[in-house]
Amino acid sequence: MLKELTVNTPHEGFVEITSQVAEIVRQSRGEKNLCQVFVPHTTAGVTINENADPDVVKDMLLALNHIVPKLAYQHGEGNSRAHVKASMVGSSVSVPIINGTLHLGTWQGIYFCEFDGPRKRKVYVTIL
Ligand code: ZN
């Protein structure tokens, strides 16, 4: 089963999508073991990290912006830093499904990572 989510994003930042993904898992039927979340974009990605303290994802963005400097990039669109950061976080995550629910760790949340917004973005959630 594959479902599509829409995420409205800020200029740059992490948007938590855990509850939307968990709802898709809840609605799926039968013996399912894995939930894959895939972002079909080249200047955005997806990651799992702490959702108890919202400052954690702010710090992740701060660190990514420090690690990926402003350079004389060749790409004419002018958003190469966003492309680099998207590849660094990756375009998919997988989470086990146990007893019909998304089995994240206690402090974990699933975050859509926007590096070149604001935009209306897609996320594909596949239940296997
Ligand atoms: Zn580009």
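Some values worked out for this structure:
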| read-out | value |
| --- | --- |
| Tally of residues being out of contact with any Lys or Arg (no Cβ under 9 Å at 6 or more places or on another chain) and either among the polar types (S, T, N, Q) or open to solvent by 90 Å² or more (accessible area, probe 1.4 Å) (or both) across segment 23-37 | 5 |
| From Val84, Val46, residue being away from the ligand (no atom under 16 Å from the Cβ) and either in contact with a Leu (Cβ under 7 Å, 6 or more places away or on another chain) or not small (Gly, Ala, Ser) (or both) | Val46 |
| Residues (more than 30 Å from Ser28 (Cα to Cα), in contact with a helix residue (DSSP H, G or I) (Cβ under 8 Å, 6 or more places away or on another chain) and buried (at least 17 other Cβ atoms within 10 Å of the Cβ)) located in segment 82-104 | Lys85 |
| Number of the condition not met by Pro40 [criteria: (1) under 22 Å from Pro118 (Cα atoms); (2) open to solvent by 40 Å² or more (accessible area, probe 1.4 Å); (3) away from the ligand (no atom under 16 Å from the Cβ)] | (3) |
| Some residue of segment 49-72 being of a type outside the set (Phe, Trp, Tyr) and under 18 Å from Arg121 (Cα atoms) | no |
| Unmet criterion (only one of (1) more than 16 Å from the ligand (Cβ to nearest atom); (2) farther than 14 Å from Val7 by Cβ; (3) not hydroxyl-bearing (Ser, Thr, Tyr)) for Lys120 | (2) |
| Residue within segment 47-62 that is hydrophobic (A, V, I, L, M, F, W, C), farther than 28 Å from Met1 by Cβ and either exposed (fewer than 11 other Cβ atoms within 10 Å of the Cβ) or in contact with a Pro (Cβ under 8 Å, 6 or more places away or on another chain) (or both) present | yes |
| Qualifying residue in segment 53-70 (condition: within 16 Å of the ligand (Cβ to nearest atom) and without any contact (Cβ under 8 Å) to a residue 12 or more places away in the chain) | yes |
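The values are calculated or read from the model by the stated rules, or taken from the named source; none is laboratory data. This structure is a prediction, so every number in the text was calculated from the model and none was measured. Methodologically, a virtual Cβ is constructed for each residue, glycine included, from the backbone with ideal geometry; neighbour enumeration extends over all protein chains shown. Ligands, DNA and RNA are stripped out before the accessible areas are found, and what is left, the full protein with its side chains, is counted by its heavy atoms. Shrake-Rupley method; radii C 1.70, N 1.55, O 1.52, S 1.80 Å.
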